[in-house]
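The values are calculated or read from the model by the stated rules, or taken from the named source; none is laboratory data. Bear in mind the structure is a predicted one, so any value in this text is a computation, not a measurement. Cβ placement follows ideal geometry from the backbone for every residue including glycine, while neighbour counts extend to all protein chains displayed. Areas reflect the complete protein model, heavy atoms only, side chains present, ligands, DNA and RNA absent. Shrake-Rupley method; radii C 1.70, N 1.55, O 1.52, S 1.80 Å.
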Amino acid sequence: MIKINEMEIPTLDDLQFSEKKVLVRIDINSPVDPETGKLLDYSRIKAYSSTIKELIEKGNSVVLMSHQGRPGDNDFISLEEHSKLLNKYLGASVEFVDDVIGPYARERISKLKPGEILLLDNVRLISEELIEASPLQHAKSFLVRRLSPLFDGYVNDAFAAAHRSQASLVGFPMILKSSAGRVMEREVLALSKIFNPDDSPKVFVLGGGKVLDSLRIIENLVKRKLADRILTGGLIAELFAVAKGIDLGRDNINILEKKGLLSLIPRARKILLSGGPIEIPVDFRVEKEGKVIEEPSSKVTGAIKDIGLTTMNIYSSFIKEAKVIVMRGPMGIIEDERFREGSKELLNNALESPGYVIIGGGHMISMLGSRDIESTKIHVSTGGGALLLFLAGEKLPALEALNMSRGVGK
Ligand SMILES: Nc1ncnc2c1ncn2[C@@H]1O[C@H](COP(=O)(O)OP(=O)(O)O)[C@@H](O)[C@H]1O
Ligand SMILES: O=C(OP(=O)(O)O)[C@H](O)COP(=O)(O)O
């Protein structure tokens with residue numbers, strides 16, 4: 001049992017699943033090359049071997065479930081490639097089922113034999129999965145009602161998605177005997193141990209494209225006075241620049257508008273006015289007429305794709321002085337080799353600094369590449385938004401649902 005934040009979360013040790021049929025929610029949502037549609041990084045896929053092997057070795061049959069991307073985004077793809085990689089890293093057969101709750105999936109699950117492993121297709125193909133609702137509401141979803149009768153138990157190992165109150169993450173623990181998986185257990189225990197709110201200076205490096213997540217994280221960090229500096233990059237940096245009254249030029253404003261982000265400007269402005277320790281880039285690396293140039297944030301005319309050199313130096317000086325550095329979300333469009341330098345530079349400075357580094361998020365983890373990170377001064381989390389919200393002290397719905405699940409189920 002994990003006891004944390006007044007919660008008691010069952011682990012695999014508490015439920016001792018053996019010779020059962022177990023639904024396992026993992027998070028193998030991974031960066032995708034927008035040109036080829038192929039996966040760019042396998043870190044999350046590799047992470048789940050221990051949980052799956054432990055269940056199989058006890059004679060259980062396992063059905064894996066995950067999301068990939070979001071409908072409408074170019075990384076919203078089927079999990080077929082993921083199943084081949086799971087097969088490779090597990091060293092066991094993982095059968096891909098191109099269905100989620102339909103008759104074929106249910107038929108195949110009902111015929112599972114001990115030791116067999118299935119991977120269902122992208123759970124966000126089911127529209128109700130994208131609804132944020134309570135565990136009890138999601139317990140009544142088609143997803144939960146169609147699948148839960150087929151299983152003896154449910155394991156949630158998707159720490160990286162634990163901040164989402166979505167059906168596959170919070171509904172099943174209301175019906176089935178449930179536990180955290182080993183990835184979830186390790187992340188929660190490790191982060192609770194290493195993250196001491198009193199350690200300072202604490203520098204957060206927040207970038208990426210999930211601006212709503214980042215705003216929620218920054219509001220928590222500022223409210224709880226957990227950050228000594230918040231260095232922004234990616235789209236969140238652009239939002240704060242506009243909130244500060246900086247004109248980023250029509251191209252960049254159009255991108256923010258197209259993504260529905262301009263309505264978030266008042267929230268960003270409120271954070272700035274409250275004295276939040278927010279740093280925004282003083283220059284950007286932009287693409288203009290096919291060329292890559294650097295422009296000061298006060299005179300941007302090209303399409304912003306990364307932070308600029310002066311900003312890299314300023315941010316690096318903060319990082320070098322930090323006792324703890326938390327990084328989530330890249331500084332630029334790292335899928336394009338030309339716009340990786342900002343993220344790479346800050347990551348290198350963090351790893352070379354005397355501070356303790358916590359890095360998370362599918363894209364930022366991919367920046368580690370094959371670097372040897374066995375050092376004791378870094379924690380690589382599978383989570384990005386989930387990691388930051390957990391560190392910021394916010395309740396994670398998936399953990400809350402597991403806490404509520406004690407005593408539930410057959
Ligand atoms: N300036 C930018 N404009 C548009 N997209 C950006 C920008 N900087 C970074 N991104 C995008 O952010 C995405 C990663 O964001 P996110 O998913 O929040 O990171 P993580 O996976 O590390 O949590 C990448 O696809 C990247 O292309
Ligand atoms: O990649 C994830 O989050 P992250 O981008 O914060 O690392 C999780 O899989 C959650 O994905 P979502 O943000 O589409 O719900």
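Tell me whether the stretch 62-82 contains one or more residues that are over 27 Å from GLY209 (Cβ atoms), touching a strand residue (DSSP E or B) at 6+ places or on another chain (Cβ under 7 Å) and in the same structural domain as LYS21 (by TED's automatic domain parsing). Checked against the condition, which is being over 27 Å from GLY209 (Cβ atoms), touching a strand residue (DSSP E or B) at 6+ places or on another chain (Cβ under 7 Å) and in the same structural domain as LYS21 (by TED's automatic domain parsing), the stretch 62-82 yields at least one hit. In the set (1) open to solvent by 60 Å² or more (accessible area, probe 1.4 Å); (2) within 12 Å of ligand 1 (Cβ to nearest atom), LYS291 fails one condition alone, (2). When the helices (runs of 4 or more DSSP H) confined to the stretch 319-401 are screened for residues that are under 17 Å from the mean Cα position of the chain (by Cα), those reaching at least 2 such residues are found at 362-366, 385-391. Exactly one residue among ALA133, ALA167, ALA105 is within 16 Å of ligand 2 (Cβ to nearest atom), free of Cβ contacts under 8 Å to residues at least 60 places away in the same chain, surrounded by fewer than 21 Cβ atoms within 10 Å (Cβ to Cβ) and of a type in the set (A, V, I, L, M), and that residue is ALA133. Residues that are within 14 Å of ligand 1 (Cβ to nearest atom), at pLDDT 90 or above and touching a Phe, Trp or Tyr at 6+ places or on another chain (Cβ under 8 Å): does the stretch 345-357 have at least one? Yes, the stretch 345-357 contains at least one residue that is within 14 Å of ligand 1 (Cβ to nearest atom), at pLDDT 90 or above and touching a Phe, Trp or Tyr at 6+ places or on another chain (Cβ under 8 Å). Which one is farthest from ligand 2 (Cβ to nearest atom), of the residues in the stretch 211-249 that are surrounded by fewer than 20 Cβ atoms within 10 Å (Cβ to Cβ) and under 20 Å from LEU347 (Cα atoms)? Once the filter is applied, the top-ranked residue is ASP228. From the list GLY384, GLY332, GLY342, GLY302, the lone residue that is within 14 Å of ligand 2 (Cβ to nearest atom) and touching a Gly at 6+ places or on another chain (Cβ under 8 Å) is GLY384. Within the stretch 23-44, residues that are under 13 Å from SER366 (Cβ atoms) reach partners that are more than 10 Å from ligand 1 (Cβ to nearest atom) and open to solvent by 30 Å² or more (accessible area, probe 1.4 Å) with beta carbons closer than 6 Å, at six or more positions or on different chains, in the pairs LEU39/GLU81; LEU40/ASP33.
Quick grid of which residues meet (1) out of contact with any strand residue (DSSP E or B) (no Cβ under 7 Å at 6 or more places or on another chain); (2) over 29 Å from GLY72 (Cβ atoms); (3) within 13 Å of ligand 1 (Cβ to nearest atom):
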position: THR232; (1), (2), (3): no, no, yes
position: VAL242; (1), (2), (3): yes, no, yes
position: ASP251; (1), (2), (3): no, no, yes
position: LYS258; (1), (2), (3): yes, no, yes
position: SER263; (1), (2), (3): yes, no, no
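Among the residues here, SER353 does not qualify as without any contact (Cβ under 8 Å) to a residue 12 or more places away in the chain and surrounded by fewer than 21 Cβ atoms within 10 Å (Cβ to Cβ).
Of all residues in the stretch 309-322, those being more than 16 Å from ASP199 (Cβ to Cβ), open to solvent by less than 20 Å² (accessible area, probe 1.4 Å) and of a type outside the set (Phe, Trp, Tyr) number 3.
No other residue among ILE334, ILE325 is in contact with a helix residue (DSSP H, G or I) (Cβ under 9 Å, 6 or more places away or on another chain), open to solvent by less than 50 Å² (accessible area, probe 1.4 Å) and within 30 Å of ASP199 (Cα to Cα) apart from ILE325.
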